[in-house]
Every structure is written in structure tokens, then in C-alpha cells.
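Asker: Before I ask anything, let me first share the structure, which is written out below as C-alpha cells.
The values are calculated or read from the model by the stated rules, or taken from the named source; none is laboratory data. Because the structure is predicted, anything quoted here is derived from the model rather than measured. All Cβ positions, glycine included, derive from the backbone under ideal geometry; neighbour counts span all protein chains shown. For accessibility, only protein heavy atoms count, side chains too; no ligands or nucleic acids. Shrake-Rupley method; radii C 1.70, N 1.55, O 1.52, S 1.80 Å.
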Amino acid sequence: MIKFFLMVNKQGQTRLSRYYEHVEINKRAILEAEVIKNCLSRSKDQCSFIEYKDFKLVYRQYAALFVVVGINETENEMAVYELIHNFVEVLDKYFSRVSELDVSFSVSEIQL
């Protein structure tokens, strides 16, 4: 099961967040900061799956954007990895060229 979906820039600013389980606002900020730190500190040669607390993180980098999905331990990491790619392809077709500015202003209108 997907717990959350984040889009983050290289500076560590969250551009889009969607939670599928209730998380208090102050805990969201802490969670996002730790997740972002873990993903941004990894090199391109490292695996895109991270075990973090009681769930896993699956992420992909597209130019200046990182797409991070938090999943439970029973979810298939490769399926989520492909889901991220398909989601970005849909955004690319919808916006004709996805960029951080598109995500900042236009994705908020899309219901995930």
C-alpha cells in the first residue's frame, strides 16, 4: 500500500505531497525533511529503494525533481518504481514538458 507521494526539488523543497494515511501536520514536516535528506544524499550509483523506519522509500530523479513514494513492506518496489515513471510520462504529455514550475503551480489542480 502506498503511504505517501512526494515531489521534491534538489534544494529539498517539497513541491507536491499527498498522504494516503493520516499524519499530523507537524509530523509531516519532520517526515518529509528526513525522507528528503535520505534520498538527496544518495549517489546515482546507489539503489533507488531505501528501508526507512517501518516502511520503504522508492524514488526516481528527473532533472531537478525527485519523486518519492513511501510504501509498506509488502508492496512490490519495482512496480512502484515503474508507477513513478508512468506518472512522470503522463505529466510530460499533459504539460508537454514537465518542469519544477509546472509541478509547483499546476499539479495542485490534479487529484491524485
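Asker: Within the range 86-96, is even one residue modelled with pLDDT under 95, open to solvent by 80 Å² or more (accessible area, probe 1.4 Å) and outside any helix (DSSP H, G or I)?
Answerer: The answer is yes, given that some residue of the range 86-96 is modelled with pLDDT under 95, open to solvent by 80 Å² or more (accessible area, probe 1.4 Å) and outside any helix (DSSP H, G or I).
Asker: Tally up the residues in the range 1-57 that are touching a residue at least 60 places away in the same chain (Cβ under 8 Å) and of a type in the set (Val, Ile, Thr), please.
Answerer: Residues meeting the conditions: 2.
Asker: Which residue out of 63, 79 is more than 22 Å from residue 11 (Cα to Cα) and either open to solvent by less than 20 Å² (accessible area, probe 1.4 Å) or among the aliphatic types (A, V, I, L, M) (or both)?
Answerer: When all the criteria are applied, what remains is 79.
Asker: Filtering the range 49-60 down to residues that are over 12 Å from residue 6 (Cα atoms) and open to solvent by less than 40 Å² (accessible area, probe 1.4 Å), which residue is modelled with the highest pLDDT? Show your work before the answer.
Answerer: Taking the range 49-60 as the starting set, the residues that turn out to be over 12 Å from residue 6 (Cα atoms) are 49-56.
Narrowing the set further to residues that are open to solvent by less than 40 Å² (accessible area, probe 1.4 Å) leaves 50, 52, 55-56.
Working: 50: 92, 52: 90, 55: 91, 56: 95.
Ranking the qualifying residues of the range 49-60, first place goes to 56.
Asker: Return the total of residues in the range 1-48 being in a strand (DSSP E or B) and open to solvent by less than 60 Å² (accessible area, probe 1.4 Å).
Answerer: Qualifying residue count, the range 1-48: 12.
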